[in-house]
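Enquirer: Take a look at this one; I'll ask things after.
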Amino acid sequence: MATETQGLVSSCVGMDGSAIGMPQLCADWFPNQIFWLVVTLVVIYLILSRVALPRIAAVLAERQGAISNDIAAAEDLKKKAADAEKAYEKALADARAEAQAIAQRTRDEIKAETAKAMEAADAQIAEKTAESEKTISDIRASALENVEAVAKDTAAALVAALGQQADQGKIDAAVDQRMKG
Amino acid sequence: MATEEVTGESGGLVFHPMDQFIVEPLFGTGSVGMFTITNVTLWMALAVLCILALMVLGTSKRAVIPSRSQSVAELAYGFIYKMVEDVTGKEGIKYFPYIFTLFLYIVFANFLGLIPTAFTTTSHFAVTVVLALAVFLAVTILGFVLNGTKFLYLFWPTSAPLAIRPVLMIIELISYFVRPVSHSIRLAGNLMAGHAVIKVFAGFAALVAVSPLAVLGIVAMYGLEILVAFIQAYVFTILTCVYLKDALHPHH
């Protein structure tokens, strides 16, 4: 840029092309600066308000939504996990209780069976005992009878051996008397 | 742009720290009219393109899990949105697009201005005064539209004793009308000063004896300017929010 023309065209630039005083205070340039500033501001404002700001606001809202959704989902999953754990604990407790009940029932059954078997055995034993006792008393009775018979026979034989003819009736009576005494 | 011409033969130093702020036509050498395409146009257009790239192209995927550029766009959005909400309350949210426009324009203009040989549009009072006046007028009109004459209670602090209220009113009035001045000069002044100081250091770099120091100074100033570029955009934006709060809730 030729310095001489600049010197001609502006009162704020000297012949050597350098500023005279503060260029900021050169009123010649104010309209130009103000005009382009207004244009610039309007363009920036339109760009921002029409395109950029709605877009960024939408993105921020979307992100906020995604974050709160994710947090809600995480909360939900956490609750589900807690529920599952609770259910598991409950199932475990139930199973344990059932096992205990089954064991108890089995124990009771076994006890009842044992008792029944014992009773049956007792009854059998008692029966057997009674039977045996009867047999013994029978044997004893028959033995007594046999003893009586043997005594009578022996007495008759003794009497005969002593050379006497004994009356069978008298011998029986005598033996009976002796047996009672 | 030969802004740092050093007249080699004489060994003297020539400083033109303000030449970087000259507005000139991009094409040809005519005078700078209202609609002339100038370096102002170029750097404002670059700011618009950067904003377009970040906020539109960067977010074009609309991903729930953001890419890097989308992440930055969302960060900027969230940063200013939260600022508007915190300072002005829920009622201020509907002015968020304009406040965000201001922030993005200033922050991109500031950072683009840090590119060597760039033109910093926000270092010009014409620009920042328009920005600040727009905020000032909008806040004042909005204050009267939303609150009617009750907006004037902003200058009549009923919580103070009656005797000192007139004094306070004068102070409040002055501070209210100084707002656009401080609002605009703070931004342009900070940027202009920083950029000019870098140029002064650059001028010293022509002297062999002090050139290492000068380069070090440029690096240090550049680091500071990066901070300033962001902080001034932030300050401008948060002050806009604070002023807007006055229009929305004048009595508190």
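Enquirer: Scan the range B:105-117 and give yes if some residue there is in contact with a Gly (Cβ under 8 Å, 6 or more places away or on another chain) and open to solvent by 50 Å² or more (accessible area, probe 1.4 Å), otherwise no.
Expert: no
Enquirer: Given the conditions (1) at pLDDT below 95; (2) open to solvent by 80 Å² or more (accessible area, probe 1.4 Å), and given that A:LYS86 satisfies all but one, which numbered condition is not satisfied?
Expert: For A:LYS86, the failing item is (1).
Enquirer: Would you mind finding the one in A:ALA57, A:ALA99 that is more than 11 Å from chain B (Cβ to nearest Cβ) and open to solvent by less than 70 Å² (accessible area, probe 1.4 Å)?
Expert: Matching residue, one of A:ALA57, A:ALA99: A:ALA99.
Enquirer: When you scan the range B:146-161, do you find a residue that is part of a helix (DSSP H, G or I), open to solvent by 40 Å² or more (accessible area, probe 1.4 Å) and either in contact with a Phe, Trp or Tyr (Cβ under 8 Å, 6 or more places away or on another chain) or at positive phi (or both), even just one?
Expert: No, the conditions are met nowhere in the range B:146-161.
Enquirer: Go through the range B:12-33 and report how many residues are more than 13 Å from A:GLN33 (Cβ to Cβ), open to solvent by 20 Å² or more (accessible area, probe 1.4 Å) and either over 24 Å from the mean Cα position of the chain (by Cα) or at the interface with chain A (Cβ under 8 Å from one of its Cβ atoms) (or both).
Expert: Qualifying residue count for the region: 11.
Enquirer: Turning to a different aspect of this structure: Only one of these is open to solvent by 60 Å² or more (accessible area, probe 1.4 Å), within 16 Å of the chain's Cα centre (by Cα) and not aromatic (Phe, Trp, Tyr): A:ASP76, A:ASP138, A:ASP94. Name it.
Expert: A:ASP94
Enquirer: What about A:GLU62, is it out of contact with any Lys or Arg (no Cβ under 7 Å at 6 or more places or on another chain), part of a helix (DSSP H, G or I) and more than 14 Å from chain B (Cβ to nearest Cβ)?
Expert: Criteria not met by A:GLU62.
Enquirer: Need the failing condition index for B:VAL129 against (1) more than 14 Å from chain A (Cβ to nearest Cβ); (2) crowded, with 16+ Cβ neighbours inside 10 Å, just the number.
Expert: Against the list (1) more than 14 Å from chain A (Cβ to nearest Cβ); (2) crowded, with 16+ Cβ neighbours inside 10 Å, B:VAL129 comes up short only on (1).
The values are calculated or read from the model by the stated rules, or taken from the named source; none is laboratory data. Just so we're clear, the structure is a prediction, and the values are computed from it rather than from any experiment. FYI the Cβ positions are ideal-geometry reconstructions off the backbone, even for glycines, and counts take in every protein chain you see. When the accessible area is computed, the model is the full protein with side chains, heavy atoms only, and any ligands, DNA or RNA have been set aside. Shrake-Rupley method; radii C 1.70, N 1.55, O 1.52, S 1.80 Å.
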